[in-house]
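Engineer: Before anything else, here's the structure in question.
The values are calculated or read from the model by the stated rules, or taken from the named source; none is laboratory data. Because the structure is predicted, anything quoted here is derived from the model rather than measured. No Cβ is skipped: glycine too gets one built from the backbone with ideal geometry, and neighbour counts run over all protein chains shown. Quick note on the areas: whole protein, heavy atoms, side chains included, nothing else; ligands and nucleic acids left out. Shrake-Rupley method; radii C 1.70, N 1.55, O 1.52, S 1.80 Å.
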Amino acid sequence: AAFAVEEGAGEAVAVLVEVRPDASPEVLRDVLEAVRAAVLKDHQLHCAVVVLGPPGSVSKTTSGKVQRSRCRARLIDGSLEAQALLVDRCTREELGTDSQEAAGAPDVSVGAQAISFAPGAPLLDGIT
């Protein structure tokens, strides 16, 4: 599910993807990067947030349509279960630079992105 989130003075792209619950951190990292690359290639947009959740994470109607607004609301209110999270708060000029965006043992810093593999970790700060 792809949807908009408010970040700072504008909107940003968020993507929620379902993955197997037993996926390794390496697989999760590869999926995060593949999602970012596909969105950039196909839509020329940078993902501000990529969330990987277990099967059933993407809210759907009884007919199977994705409920983007419900996915967004669950992301914002913290009720969305996540296996991995990428938050990219960098500008285009900052892409590829090293920064320590997140602190704590479960987080892995990759360039300007913070990637967390801790289930139930706080998801977002400053994004609505």
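Engineer: Have a look at V66, V87, V110 and point out the one that is under 12 Å from the mean Cα position of the chain (by Cα) and either aliphatic (A, V, I, L, M) or modelled with pLDDT under 80 (or both).
Structural biologist: Matching residue, one of V66, V87, V110: V87.
Engineer: In this structure, is L85 in contact (Cβ under 8 Å) with a residue 60 or more places away in the chain, open to solvent by less than 20 Å² (accessible area, probe 1.4 Å) and either among the hydroxyl-bearing types (S, T, Y) or at negative phi (or both)?
Structural biologist: no
Engineer: Report the residue count in the stretch 1-33 for those that are outside any strand (DSSP E or B) and open to solvent by less than 60 Å² (accessible area, probe 1.4 Å).
Structural biologist: Qualifying residue count, the stretch 1-33: 7.
Engineer: Restricting to the stretch 1-40, count the residues that are among the acidic types (D, E), farther than 20 Å from G56 by Cβ and touching a strand residue (DSSP E or B) at 6+ places or on another chain (Cβ under 9 Å).
Structural biologist: Residues in the stretch 1-40 being among the acidic types (D, E), farther than 20 Å from G56 by Cβ and touching a strand residue (DSSP E or B) at 6+ places or on another chain (Cβ under 9 Å): 4 in total.
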